[in-house]
Amino acid sequence: MAYDTIKRDSVNPACSASGLCLTWGRLCGKVSVPSHGGESMPFTVKGASCMPVITLPFGMFEANCHIVHNGRDAVVFDPSDETDSILDAIARNGLQLQGVALTHLHVDHCLGCAPFIRTTGLLPVVGREDWEQRDRLLCKGMCFGMAVEPFSAMPVSAGPLSWGSLECEALKAPGHSPGSLCYYFASLGIVISGDVLFYHSVGRSDLPGGNMAQLMASIRGQLYTLPGSTVVYPGHGPSTRVDDEMLSNPFCPGRA
Ligand SMILES: [Fe+2]
């Protein structure tokens, strides 16, 4: 089935019967900050201490939606669901929403894209290879009874990006998906790693377009070359640090 033909009412009846997909983001969607494997350095805005990342895990897969900010401007990564909760967190912290981006095109990370775009008018940045293969990547969500409402996006390759006063480098990191991007904010000492690298684990490589050798090369070539103190914010689970993963990650140690 083509991505553009998917409708929300065409979800797997078995999944609907289980209540999982119909209650997506309602019963399962929690708003909380997961425990940290790593700690980012706070910075000061008008005398108050701020952390540069607000994490909101949503849905039955608890996909992390990260709001990265510098106390003034904010960019949202993977608006997986609950647009209202995301925008409420931005407003409560006095931030100005400047942009939205996706780490990759798996359904649990972009289920909320269409309503987010409708509400904010912002198009998400996404890896070019994932966008070119969006039909087969997003259709995989049908296995879990999740149908993504079609949305538009801005496909990009690796390179510098800026949203307001926030600047980052998009790092090309295939292996979990062909167009996975990680986003490195040097001034904040953080990287948004999507499903490439997790706390003491790595992403799956058995989904469409995945490749284990590419995944290992992406982690070692793009993430383990960042400063060791860089805090890693993954697409699922707690944050960690580059140096901790190089030392302790059982699936991808720093030394091959
Ligand atoms: Fe994924």
From Tyr233, Tyr184, Tyr199, which residue is of a type in the set (Ser, Thr, Tyr) and within 17 Å of Asp108 (Cα to Cα)? Tyr233
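Scanning for something within 22 Å of His66 (Cα to Cα) and within 14 Å of the ligand (Cβ to nearest atom), does the stretch 227-234 turn up at least one residue? Quick ask: steps written out before the conclusion?
So in the stretch 227-234, the residues within 22 Å of His66 (Cα to Cα) come out as 227-234.
If we keep only those that are within 14 Å of the ligand (Cβ to nearest atom) too, we end up with 234.
Within the stretch 227-234, one or more residues are within 22 Å of His66 (Cα to Cα) and within 14 Å of the ligand (Cβ to nearest atom).
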Can you pull out every residue in the stretch 155-173 that is touching a helix residue (DSSP H, G or I) at 6+ places or on another chain (Cβ under 9 Å) and not in a loop (DSSP other than H, G, I, E, B)? Pro155, Val156, Leu171, Lys172
Need pairs with beta-carbon distance below 9 Å; first residue closer than 18 Å to Ala170 by Cβ and in a helix (DSSP H, G or I) and within the stretch 202-227, second within 11 Å of the ligand (Cβ to nearest atom) and aliphatic (A, V, I, L, M); sequence gap 6+ or separate chains. Leu215/Val196; Ser218/Val196; Ile219/Val196; Gln222/Val196; Leu223/Val196
Restricted to the stretch 81-97 and to residues being part of a loop (DSSP other than H, G, I, E, B) and buried (at least 17 other Cβ atoms within 10 Å of the Cβ), the residue modelled with the lowest pLDDT is Asp81
Looking only at the stretch 181-201, count every residue that is surrounded by fewer than 24 Cβ atoms within 10 Å (Cβ to Cβ) and in a loop (DSSP other than H, G, I, E, B) and tell me the total. 6
For the stretch 118-140, how many residues are surrounded by 18 or more Cβ atoms within 10 Å (Cβ to Cβ), under 20 Å from Thr83 (Cα atoms) and within 16 Å of the chain's Cα centre (by Cα)? 4
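Any residue in the stretch 147-161 that is out of contact with any strand residue (DSSP E or B) (no Cβ under 8 Å at 6 or more places or on another chain), among the hydrophobic types (A, V, I, L, M, F, W, C) and without any contact (Cβ under 8 Å) to a residue 12 or more places away in the chain?
Residues of the stretch 147-161 that are out of contact with any strand residue (DSSP E or B) (no Cβ under 8 Å at 6 or more places or on another chain), as a first pass: 147-152.
With the extra rule that they be among the hydrophobic types (A, V, I, L, M, F, W, C), the set shrinks to 147-148, 151.
Checking which are without any contact (Cβ under 8 Å) to a residue 12 or more places away in the chain leaves us with none.
No, the conditions are met nowhere in the stretch 147-161.
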Which residue pairs have Cβ atoms closer than 6 Å, lie 6 or more positions apart in sequence or on different chains, and pair a first residue in the stretch 98-127 that is under 23 Å from Ser165 (Cα atoms) and modelled with pLDDT of 95 or more with a second residue that is part of a helix (DSSP H, G or I) and away from the ligand (no atom under 16 Å from the Cβ)? Phe116/Thr83; Thr119/Thr83
Can you find a residue that is at positive phi and touching a helix residue (DSSP H, G or I) at 6+ places or on another chain (Cβ under 6 Å) anywhere in the stretch 128-137? no
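The values are calculated or read from the model by the stated rules, or taken from the named source; none is laboratory data. Model, not experiment: these values are computed from the prediction. When we count neighbours, we look across all protein chains shown, and the Cβ atoms used for this are built from the backbone with ideal geometry, even at glycine.
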